[in-house]
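Take a look at the structure below.
The values are calculated or read from the model by the stated rules, or taken from the named source; none is laboratory data. All figures in this text were calculated on a predicted structure; none of them were measured in a lab. Cβ: placed from backbone, ideal geometry, glycine included. Neighbour counts: every protein chain shown.
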Amino acid sequence: MSILARPDATPRPHAHPLSATMRAARTPVATGASSRPVREPTAFARAKLAARSRAALPRAADLPWLIGYALAFLAMHHIAAEWGGRGFYSLLYPAAGFRIALLWRRGPRLTLGIVVTEVLVQLATGVIDLRSAEWATQLIGVVRPPLVYGLVVLVVRKMADRAQTSLSVAPMPLGLASVGAPVAAALSALPWSLLRPDLTGVSGLRETFASLTGFVVGDLLGVLLLAPPLLWLVELATGTGSRPSRPRLAPVAEAVLVLAASFASEILLARIGLGTPLTPVLLSVAWIGLRFGRTASWLAILVVAAVVLPQTAMPMRMDARLALHMGLASVMVVGYLAGSFADAQARARTDLERRDRLLFQAERLKTLRAMSVAVIHEISQPLSTLAIEAKHLHELTVSADVEIATTAALIDRKAAALSTLVRRLRRFGGRTVDEPTPLPLAALIDTVAALAQPEAKSHNVRLAIDAVDPDLVVLAQEVELAQAIVNLVRNGVQACGKGEVTLTATRDDGQARIVVANRCRTDRNPQAGMGVGVLVARAIVEAHGGSLTRVTAPSGETRATIALPLMGQFA
């Protein structure tokens, strides 16, 4: 018989009432005269601000994700009832795992969408009863957890972007968010639980903290059990993650031996009357995480959970169930963070080695640029003279023999094309950074085509460029933005031989989207590169208030998409 069958153990919404209604944001008011003039934001700054504002809200593409989340939330909410208790909904809350996975995958901008989804589900299931006098309290209890989760994900991501420590290296930020979100959600309920115990169903300091502990434990177990595999599956399905390599026998044997030894220690301690402490299991899972990374630690956590959870699903005293789940949560937190830290350290070492190679490559590129500028400078004057003379020759031979006129026309065209190319290269390599100006994408794509076409031909790659709407205008620095796109085109050309690289520029949801796509042949291995081009391109695009994403589909097609705010949106 489930413990929820008791009259005093009616399931409650998965949250305690909000500690206080959120105060309205206060706008600072200037007092007194100021001698410092207020600078009006430039159009470029307004463009970046507006792009960030749009990025903070759900989009139409998020609707399928929210529908799937609603179905998963409903199913997981009912499954959690098997581990329910007084003062909290469940000691195992899988819905929290779906919540953190969706927020991490789609970003904290989906917070409002998740809040609305959970409210609608709880309205449909009767958890929020609009006819009840406590409907506002019920609503706050449902709204608060996803809001806190979204805030924690936002804070962790901001800290990871700005920090320079190992804690900011993936996958440590996800581990910190997975542990911090449940704890923050419970702490946000503490003031209300102490001030209004009649609404939470518990009284006294002991019961209040026991209730909050159950809340934290349930969310931690749900998050750490479900969020990692969900994110891995989505990455594999969308082609944004790498397939796991086949494990070697020696590490697998070591992990199995260590975990089996910890279980044997548990059994021995229980038989000699010393109880069943989870310390040996905790140490073994931490060892596996530090030795073999996050995937191995999660598999070890799954084994431990498969042993503990069936026992706690059966009728037992609530304090005993809570103690077992607290021990299991400790094992999960320590093991998952240990594995995440090991993966972060490995990635940091790889990045450091790659950075050293990039520095060496950058020095070579610097020398090559200086040599190229010098060569272009030396040949530009003779080439200009040659182009002028070729044009004059063409004009003189218009009425001459057909063969002579045709040859003169060909010389004129080739000299003019070469002169134009050298002039663009000289401008591209020697121009200093200037202020952003209105830039038609059609002109930008023409410049990119002229710069990238020779290399594409030398690799037997067809460069296909679609017609560009002349009304698409962005606020940008032409030389820098052209460099970013040329880098992406060069990557596509060098990655695939005798194929096709497409370059398109379109309007999408108030933004300009420039897409460079290439499909590698199945019988050709992509050439290894240093990754300098993508790093430079991303830095340039982000400096323009845009974003650069690269996705490789299972079919082999790689798409690099630059999203930039259109100038017309900020007039």
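Right, Val333: under 29 Å from the mean Cα position of the chain (by Cα), closer than 26 Å to Leu212 by Cβ and at pLDDT 90 or above or not?
In short, yes.
Taking the options Ala210, Ala227, Ala185, Ala177, name whichever one is more than 16 Å from the chain's Cα centre (by Cα), within 22 Å of Val116 (Cα to Cα) and assigned by the TED database to the domain that holds Ala300.
Of Ala210, Ala227, Ala185, Ala177, the one residue that is more than 16 Å from the chain's Cα centre (by Cα), within 22 Å of Val116 (Cα to Cα) and assigned by the TED database to the domain that holds Ala300 is Ala185.
Are any residues in the range 291-324 within 18 Å of Ala260 (Cα to Cα), free of Cβ contacts under 8 Å to residues at least 60 places away in the same chain and either hydrophobic (A, V, I, L, M, F, W, C) or touching a Ser or Thr at 6+ places or on another chain (Cβ under 7 Å) (or both), and if so, which ones?
Phe292, Ala296, Leu299, Ala300, Val303, Val304, Ala306, Val307, Val308
Each row is one residue, and each column tells you yes or no for (1) over 30 Å from Ala80 (Cα atoms); (2) surrounded by fewer than 18 Cβ atoms within 10 Å (Cβ to Cβ).
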| position | (1), (2) |
| --- | --- |
| Ala306 | no, yes |
| Pro310 | no, yes |
| Ala320 | no, yes |
| Leu324 | no, no |
| Gly327 | no, no |
| Ala338 | no, no |
| Glu353 | yes, yes |
| Leu365 | yes, yes |
| Leu368 | yes, yes |
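Could you list, in sequence order, all residues of the range 264-290 that are hydroxyl-bearing (Ser, Thr, Tyr) and touching a residue at least 12 places away in the same chain (Cβ under 8 Å)?
Within the range 264-290, Ser265, Ser284 meet the criteria.
Could you tell me whether any residue of the range 306-319 is part of a helix (DSSP H, G or I), closer than 17 Å to Ala177 by Cα and acidic (Asp, Glu)?
no
Is there a residue being in contact with a helix residue (DSSP H, G or I) (Cβ under 9 Å, 6 or more places away or on another chain), surrounded by fewer than 16 Cβ atoms within 10 Å (Cβ to Cβ) and not in a helix (DSSP H, G or I) anywhere in the range 391-399?
Yes - at least one qualifying residue is present in the range 391-399.
Of everything in the range 214-245, what is surrounded by fewer than 24 Cβ atoms within 10 Å (Cβ to Cβ), touching a residue at least 12 places away in the same chain (Cβ under 8 Å) and touching a helix residue (DSSP H, G or I) at 6+ places or on another chain (Cβ under 7 Å)? Give them in sequence order.
Val216, Leu225, Leu226, Leu230, Leu231, Val234, Pro244, listed by residue number.
Looking only at the range 339-357, which residues are among the hydroxyl-bearing types (Ser, Thr, Tyr) and more than 20 Å from Pro228 (Cβ to Cβ)?
Listed by number, the list holds a single entry, Thr350.
Here's a check for you: in the range 235-278, which residue that is among the charged types (D, E, K, R) and over 16 Å from Trp298 (Cα atoms) is modelled with the lowest pLDDT?
Arg243
For the range 245-263, which residues satisfy the criterion of being of a type in the set (A, V, I, L, M, F, W, C) and part of a loop (DSSP other than H, G, I, E, B)?
Residues satisfying the conditions do not exist here.
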